[in-house]
Amino acid sequence: MSDRSVTVLVPAAARGDEAAWAELVRRYTPLVYSVIRAHDLGGADAADVNQTVWLRLVEYLDRLRDPQALAAWLAVTTRRECYRMTRLGRRTQPVDPTDVALDAYHGSWTDVAAPDEELLRAERRQALREGFAQLPPRCQELLSLLTTDPPLSYRDAADRLGVPIGSIGPTQARCLRRLRDCPALAPYLSPAGTAGTKGGDRDGAVAAGR
C-alpha cells in the first residue's frame, strides 16, 4: 500500500477503502503537524486543529478533483485552522488596560475579540467533547493516542492497545466518520455540496484548483 500513488489512494479512500485512508493519514500527518508547530500551537490546541483538519478531509475527500493537490489542501486547511485558533487565543489573553504600550501592540481596542468569537470557540470545543464522549471507548482511546503532540506512531499505538498495526488506520477512519456524524458537530461542518464556500473549505478549493 505504501508504494501506491496519491492519485490512486485519494479516489480509493473516497470510495470507502479504509486501507487507502490509513495510508493517506500515515503519509500526511507529519505535514499537518509541521504546519501546526510552525504556528507555535501545542497540547490541546494542536490536537484540536489536527482532529478538525482530518474531519474536514473526511467530508471533503470525494470532492477533491485533483488528488495531487491533497498536500496543498491539507497545508492550507491546517494553516486556516491554526490561524483561527491563534487569533482567537491571542485576542482573549488577559491584558492590563493601563499599559501605555497596549495600543501600539494591538493597534486599537477594536482588535480585542468580540464576546461571540470567544463563545464560538468554546462552543466548538464543547461540541468536539460531546461528540467524542459519544464514541465507543476504543475509539476514544485510539483518537486520543493519535492526536497527542507529537502523535504516537501506528506501531506505538498498536502496542499500547494490543492490536495489530494494520488495524490502526482503518479503525481511525471509522472512528473519525462516527465523530463526523455526531449531531453535536453538525453546525461546525459544512453541509454536503457547500464545500469551498467559506473558511478552510474555500481555501482548500483554491488549493485544489477548483
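The values are calculated or read from the model by the stated rules, or taken from the named source; none is laboratory data. What you see is a predicted model, and the numbers here were worked out from it, not measured in a lab. All Cβ positions, glycine included, derive from the backbone under ideal geometry; neighbour counts span all protein chains shown. Note: areas computed on protein heavy atoms with side chains; ligands, DNA, RNA excluded. Shrake-Rupley method; radii C 1.70, N 1.55, O 1.52, S 1.80 Å.
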Quiz item: What pairs can you find where one residue is in segment 65-88 and among the aromatic types (Phe, Trp, Tyr), the other is open to solvent by less than 20 Å² (accessible area, probe 1.4 Å), and their Cβ atoms are less than 6 Å apart, with a gap of 6+ or different chains?
Solution: Trp73/Gly204; Trp73/Ala208
Exercise. Take the residues in segment 49-83 that are more than 24 Å from Ser144 (Cβ to Cβ) and among the aliphatic types (A, V, I, L, M), then tell me which one is surrounded by the fewest Cβ atoms within 10 Å (Cβ to Cβ).
Key: Ala71
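Just for segment 134-165: of the residues that are over 29 Å from Asp40 (Cβ atoms) and of a type in the set (A, V, I, L, M), which one is surrounded by the most Cβ atoms within 10 Å (Cβ to Cβ)?
Initial filter on segment 134-165 (over 29 Å from Asp40 (Cβ atoms)): 134-139, 158-159, 161-165.
Of the ones still in play, those that are also of a type in the set (A, V, I, L, M) are 135, 158, 161, 163, 165.
Values: Leu135: 17, Ala158: 19, Leu161: 16, Val163: 14, Ile165: 13.
If we take residues in segment 134-165 being over 29 Å from Asp40 (Cβ atoms) and of a type in the set (A, V, I, L, M), then Ala158 is surrounded by the most Cβ atoms within 10 Å (Cβ to Cβ).
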Practice problem: Could you grab me the full set of residues in segment 166-186 that are surrounded by 15 or more Cβ atoms within 10 Å (Cβ to Cβ) and without any contact (Cβ under 8 Å) to a residue 12 or more places away in the chain? | Solution: Ser167
